[in-house]
């Protein structure tokens with residue numbers, strides 16, 4: 001008979017603890033999500049400035065990426081060469097991110113977004129190019145770094 005009274009009491013006492021844990025977890029996830037999207041915005045902003053050093057600082061030591069203009073995936077060394085080839089100097093191009101998805105699992109985050117690049121060509125006509133991007137972020141020395149990525153023009 002005591003068990004019948006004990007079980008409902010335990011449920012009443014424990015349920016708020018689970019709700020509190022879920023609230024703390026959601027707050028942590030929201031913080032990580034905001035941090036990662038902010039890093040993505042910073043990362044993309046450096047392409048227009050041709051700030052190769054800043055871009056490379058986002059890459060994990062074991063980085064592997066596959067830009068849509070490359071035939072094969074590239075490590076950090078090839079990525080540095082790619083930046084000099086494709087973004088040799090600052091440009092007036094405008095880079096915008098349209099967030100499409102994010103997943104957070106402990107210290108790993110995957111982002112998907114549409115990158116919209118706009119510029120004025122030599123004839124004064126606005127041009128636009130869109131690419132799908134995926135990045136996998138992971139902690140390295142307590143900082144979020146891009147471990148891998150891939151882009152595909154739309």
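The values are calculated or read from the model by the stated rules, or taken from the named source; none is laboratory data. Source: prediction; values computed, not measured. When we count neighbours, we look across all protein chains shown, and the Cβ atoms used for this are built from the backbone with ideal geometry, even at glycine.
So if I check each of 66, 119, 144, which one is surrounded by 14 or more Cβ atoms within 10 Å (Cβ to Cβ) and either over 24 Å from residue 35 (Cα atoms) or free of Cβ contacts under 8 Å to residues at least 24 places away in the same chain (or both)?
Numbers: 66 fails: either over 24 Å from residue 35 (Cα atoms) or free of Cβ contacts under 8 Å to residues at least 24 places away in the same chain (or both); 144 fails: either over 24 Å from residue 35 (Cα atoms) or free of Cβ contacts under 8 Å to residues at least 24 places away in the same chain (or both).
Answer to the check: 119.
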Response to the item:
Checked segment 50-83 for anything within 20 Å of residue 130 (Cα to Cα), part of a loop (DSSP other than H, G, I, E, B) and touching a helix residue (DSSP H, G or I) at 6+ places or on another chain (Cβ under 9 Å); matches are 50, 67, 69, 70
Discussion item. Considering only segment 22-39, I want to know if a residue exists there that is in contact with a helix residue (DSSP H, G or I) (Cβ under 9 Å, 6 or more places away or on another chain), surrounded by 10 or more Cβ atoms within 10 Å (Cβ to Cβ) and at pLDDT 90 or above.
Written reply: no
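May I ask you to list the residues in segment 109-128 that are in contact with a strand residue (DSSP E or B) (Cβ under 8 Å, 6 or more places away or on another chain) and part of a loop (DSSP other than H, G, I, E, B)?
The initial filter retains those residues of segment 109-128 that are in contact with a strand residue (DSSP E or B) (Cβ under 8 Å, 6 or more places away or on another chain), namely 109-121, 126-128.
The answer is 121, and nothing else.
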Worksheet item: Of the residues in segment 84-108, how many are part of a strand (DSSP E or B), closer than 27 Å to residue 141 by Cβ and in contact (Cβ under 8 Å) with a residue 40 or more places away in the chain?
Response: 4
